[in-house]
Amino acid sequence: MRHSKKKGEQAPLSEQVMGSENDFAPGGNAAGDEGADPSFDSSGGTAAADGSGAAGTASLDATETPPSDSDVAGEREKYLRLAAEYDNYRKRSAKERSDAGTRAQADLVRQLIEALDDVARFAHVDPATTDAATVVQGVDMVEKKLLKSLGSAGLEIINPVGETFDPALHEAVATEPTSAREDDHVVSRVYQPGYVFKSQLLRPARVVVKQWNG
């Protein structure tokens, strides 16, 4: 009968318990892929995720940083400069409009100077040596000069005798009966002519309108 092995001497482990020699080769994993430690991932995915999170936190902290006093002062200086420039532009535009209106009025007055000279000459004639026909002819000449000067500036006269009544340009001050139906609402007389200056009505023509009563 053989004796058992000596005390303290261990039996060799089976291959199943110890694992194969491939499990201990470089790149091997005894527990399989499912038990792999993510911290040892060769792609560095865990480290990249941690890094992006840190960058995001830093970005949020930078966004929430309040503006410095120098930034506020710079923006305030820009605002004051823009406000001053706009105020200067407004004043300059108002002055340019005023100057343009003054020049237009001066041009109109310049065209009326000759007519004013004629009026002055006929206003100081000696009635003892000047007959009425001469005065009438002089006034007629002044009127023509005035109408020519004002017409070149844009003035139009409304004298609608024989035209159909237009409430936009005419003002009926009276009516008179007519026996002809086609003369209904036709201007028969003009008390005062109207005036239009560059498509703007200055005064409507005051007229008498025919009315057919049937």
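For the structure I just gave you, tell me whether Leu146 is within 37 Å of the chain's Cα centre (by Cα) and closer than 18 Å to Leu202 by Cα. Break it down stepwise before answering.
Working: within 37 Å of the chain's Cα centre (by Cα): no; closer than 18 Å to Leu202 by Cα: yes.
In short, no.
Do we have Leu108 as in contact with a Ser or Thr (Cβ under 9 Å, 6 or more places away or on another chain) and under 21 Å from Lys198 (Cβ atoms) here? Full working, then the answer.
Values: in contact with a Ser or Thr (Cβ under 9 Å, 6 or more places away or on another chain): yes; under 21 Å from Lys198 (Cβ atoms): yes.
Spelling it out, Leu108 is indeed in contact with a Ser or Thr (Cβ under 9 Å, 6 or more places away or on another chain) and under 21 Å from Lys198 (Cβ atoms).
Only residues that are acidic (Asp, Glu) and farther than 23 Å from Ala120 by Cα: list them for segment 139-175, please.
Restricting attention to segment 139-175, the residues satisfying the condition of being acidic (Asp, Glu) are 140, 143, 156, 163, 166, 171.
Hits for segment 139-175 are Glu156, Glu163, Asp166, Glu171.
Is it fair to say Ser199 is open to solvent by 70 Å² or more (accessible area, probe 1.4 Å), small (Gly, Ala, Ser) and within 30 Å of Val109 (Cα to Cα)? Give the derivation first.
Numbers: open to solvent by 70 Å² or more (accessible area, probe 1.4 Å): yes; small (Gly, Ala, Ser): yes; within 30 Å of Val109 (Cα to Cα): yes.
Criteria met by Ser199.
Considering only residues that are of a type in the set (D, E, K, R) and open to solvent by 60 Å² or more (accessible area, probe 1.4 Å), which ones fall in segment 89-106? Write out each step before concluding.
Step one: list which residues in segment 89-106 are of a type in the set (D, E, K, R), which gives 90-92, 95-97, 99, 103.
Of everything in segment 89-106, those that are of a type in the set (D, E, K, R) and open to solvent by 60 Å² or more (accessible area, probe 1.4 Å) turn out to be Arg90, Lys91, Arg92, Lys95, Glu96, Arg97, Arg103.
The values are calculated or read from the model by the stated rules, or taken from the named source; none is laboratory data. It should be emphasised that the depicted structure is a prediction, and the values quoted were computed from it without experimental measurement. Methodologically, a virtual Cβ is constructed for each residue, glycine included, from the backbone with ideal geometry; neighbour enumeration extends over all protein chains shown. These accessible areas exclude ligands, DNA and RNA; they are computed on the full protein's heavy atoms, side chains included. Shrake-Rupley method; radii C 1.70, N 1.55, O 1.52, S 1.80 Å.
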